[in-house]
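The values are calculated or read from the model by the stated rules, or taken from the named source; none is laboratory data. Values in this document were obtained by computation on a predicted structure and should not be read as measured data. Glycine also receives a Cβ, built like all others from the backbone with ideal geometry; neighbour counts cover every protein chain displayed. Just so you know, the surface numbers come from the protein's heavy atoms only, side chains and all, with ligands and any DNA or RNA stripped out. Shrake-Rupley method; radii C 1.70, N 1.55, O 1.52, S 1.80 Å.
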Amino acid sequence: KEDGFVYKIINSYTNKIYDGAKSLVTVTEGLKNKIAARIKHTNIVVCRNGFSSDLFYPSGKSTNENVEPLKIVSHGNFGALFDIDAFCKMAKDLARTGLNYQIVLIGFGSKLELVKSMGLENVVVLGSMPQSKVAEYVRSADIGISIHAPYDKDMSGIPVKVLEYIGAGVPCVVMPRN
């Protein structure tokens, strides 16, 4: 209870801690206002869910300025198991984000030529190349992707490209989950 002895002691210590802090961070405007009403602190910042763009990027500048493009790589067979619809949706969604990125597709298959003909923004189709060159692209990637259409459970397995991404220390996005 707010009028109880224990509450008053805890409240007194809390106020002393708040008063001695350089700055305070809270998760809602409501909590900020409650704290501001209790003490005379001038530096109370709202940081929703642990992130405040004002704290991390105080100038308001985009993180994409003067930064190398995020390189997203996929390689291999872009044939029957390649989910071209999911890939195109991902590419179009990325284009709307304003991120500085490039998707590089390396390999072969009927759907690769179809992707190339679509002229998707920031998508580069390189086609087939020696495995040693593929490895260079994978090592230089920021993200590896493996986008397959859902398939029969009897065909379950892990595409080799995923193992190559993992082996190169490249984070990867794999779909579907089966």
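Suppose we keep only residues that are surrounded by 13 or more Cβ atoms within 10 Å (Cβ to Cβ) and modelled with pLDDT of 70 or more within the stretch 39-53. Which one would you say is nearest to the chain's Cα centre (by Cα)?
Per the stated criteria, the residue is Val46.
For (1) open to solvent by 50 Å² or more (accessible area, probe 1.4 Å); (2) under 30 Å from Gly127 (Cα atoms); (3) modelled with pLDDT under 75, each residue gets a yes or a no:
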position: Lys8; (1), (2), (3): yes, no, no
position: Asn11; (1), (2), (3): no, no, no
position: Lys22; (1), (2), (3): yes, no, no
position: Gly30; (1), (2), (3): no, no, no
position: Leu55; (1), (2), (3): yes, no, yes
position: Gly60; (1), (2), (3): yes, no, yes
position: Asn64; (1), (2), (3): no, yes, yes
position: Lys71; (1), (2), (3): no, yes, no
position: His75; (1), (2), (3): no, yes, no
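Residues being more than 19 Å from Ser110 (Cα to Cα), touching a residue at least 12 places away in the same chain (Cβ under 8 Å) and of a type in the set (Ser, Thr, Tyr): count how many of those fall in the stretch 124-139.
1
Just to be sure, is Gly169 buried (at least 17 other Cβ atoms within 10 Å of the Cβ) and either in contact with a Gly (Cβ under 7 Å, 6 or more places away or on another chain) or not acidic (Asp, Glu) (or both)?
No; evaluated as a whole, the condition is false for this residue.
Return the pair list, or none, for Cβ contacts closer than 7 Å from residues in the stretch 156-168 that are farther than 16 Å from Ile106 by Cα to residues that are surrounded by 11 or more Cβ atoms within 10 Å (Cβ to Cβ) and at pLDDT below 90, at least 6 apart or on different chains.
Sorted first by the residue in the stretch 156-168, then by its partner, the pairs are Ser156/Asn178.
Considering each residue of the stretch 83-125, count those that are open to solvent by less than 80 Å² (accessible area, probe 1.4 Å), among the charged types (D, E, K, R) and over 24 Å from Glu136 (Cα atoms), and give that number.
Total meeting the criteria: 2.
Tell me which helices (runs of 4 or more DSSP H) are completely within the stretch 82-142 and hold 3 or more residues being within 20 Å of Glu68 (Cα to Cα), or say none if there are none.
Filter on the stretch 82-142 gives 84-97, 131-140.
I'd like the full set of residues that are open to solvent by 70 Å² or more (accessible area, probe 1.4 Å) and modelled with pLDDT of 90 or more, limited to the stretch 133-165.
Lys133, Glu136, Arg139
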